[in-house]
1. Roughly how big is segment 44-182's charge dipole about its Cα centre, with Cβ charges of +1 (Lys, Arg) and -1 (Asp, Glu), in debye to the nearest 20?
2. List the relative contact order of segment 44-182 as a percent without decimals, with contacts defined as Cα pairs under 8 Å and 6+ residues apart.
Amino acid sequence: MISETKLWAIITVLAAGALVGVVGQELGVFSGSESDTTENTQTLLSTADNPDPLASQCVTHDMQLGRHDHSTLSIFINGEERLIPENMGINTETCNEQGGNMHTVHTHDASGKLHIETEADVNISLGVFFDIWGVHFNETGIFDYRVSNTHELVMTVDGVTTDEFDDYLLVDGKEIVIMFQSRN
C-alpha cells in the first residue's frame, strides 16, 4: 500500500511532466511525429544528420570558381530575429587551409549574406547551408522548433511564399526569409 505522501509525490511528478509536454507543444518545440521518444528524453531528428555531399566540398579564393554569387537569409523564431553566425562554414574541421578553407556556402559576417562559391557552376540548395551549419531545416521545422497544430513554418523568396524550404535552389541576389510562428 502506498502512503499518502508517496501518492502526492507521484501525482506531482506526473502533473509536472504533463505540464512540460503541454508547454513544449505550445511553443512548437516538440512534435511526436518528428521525434523519437525514450523514457525521459525526446530526441529530435535533424536534416543535418545526413548532410548533402555538397556540404563537405571546400573552396578557396585562389581557385578558379565556376560560381560566386550571393543570397541574403533572415530567420525569425516567434517574431525574434535569429542572427546567422559570422564565418559559418569557414576554417572548419572539414574545410581548413590544406583542402580549401571555405565550404561551398558560407558567411563572412552576421548580416545574413550567404556566399555561394563552387569550382563548377552547379545548383546548390538552401539545405546545404543548414547542413554546413549543423542544424535542422526542412518543411517540418527549423533548429529544434517543429511544425505543429499551433505553429507553422513560412518561407518567402523576395516576398513570395514558397514551399521549397531546404530544396530551394540558391539564386544570386535573392532575399530569403524563414519564419517559425504561431498559426493564425
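Readers should treat all values here as calculations from the given coordinates under stated rules, not as data from a laboratory. Quick caveat, the model's predicted, so the values are computed rather than measured. Positions of Cβ are backbone-derived with ideal geometry, glycine not excepted, and every protein chain shown enters the neighbour counts.
1. Result for segment 44-182 is approximately 180 debye, rounded to the nearest 20.
2. Computed value for segment 44-182: 32 percent relative contact order.
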